[in-house]
Amino acid sequence: MTRIRVTEAESAVLAALWRCGPLSAATLMDEVKAENAWGDATIKTLLHRLIQKGAVLSRREDGRQRYHAVIDHRDYLAGEVDALVDRLFDGDRGALRAFLEDG
């Protein structure tokens, strides 16, 4: 599976979808605002980027637009850990494990 790069800000929108499941735009805005001091325009921009990246899907259900996370939360976490291991430990998961055990 190809990793979709998600920024830290975009991950806040995904987190709301992972927490609550598919959401309408209004509910998604409320969920994101509960955790971040962002305006509607910022959240709409982040949502639009996630849709363009293929990380979020917009679907009409019961006459309303609802947003769904396409990326599985566990797959996202695995990708982030892999990127961290690649960047900080030259891809060596054992080195990360040793670092955490020494911590």
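The values are calculated or read from the model by the stated rules, or taken from the named source; none is laboratory data. All figures in this text were calculated on a predicted structure; none of them were measured in a lab. Every residue, glycine among them, receives a Cβ derived from its backbone with ideal geometry; neighbour counts consider all protein chains shown. Side chains are part of the model used for accessible areas, which takes the heavy atoms of the whole protein and leaves out ligands, DNA and RNA. Shrake-Rupley method; radii C 1.70, N 1.55, O 1.52, S 1.80 Å.
Here are some notes:
- Selected from Val70, Val13, Val81 as most flexible by GNM, with the chain as the system and alpha-carbon contacts under 10 Å: Val81
- Counted residue by residue at 0.36 nm each, then reduced by the alpha carbon distance between them, the extension gain from Phe89 to Arg74 reaches 3.3 nm.
- For the chain, the solvent-accessible area works out to 66 Å² per residue, with a probe of 1.4 Å and every protein chain left in place.
- Solvent-accessible area, 1.4 Å probe, carbon plus sulfur percent, for the chain: 50
- Glu10, Glu80, reordered so the largest accessible area comes first (probe 1.4 Å): Glu80, Glu10
- Magnitude of the charge dipole, the chain, Cβ model with Lys/Arg +1 and Asp/Glu -1, debye to 20: 540
- Mean-square fluctuations from a GNM of the chain, with a 10 angstrom spring cutoff on Cα atoms, peak among Leu57, Leu84, Leu17 at Leu84.
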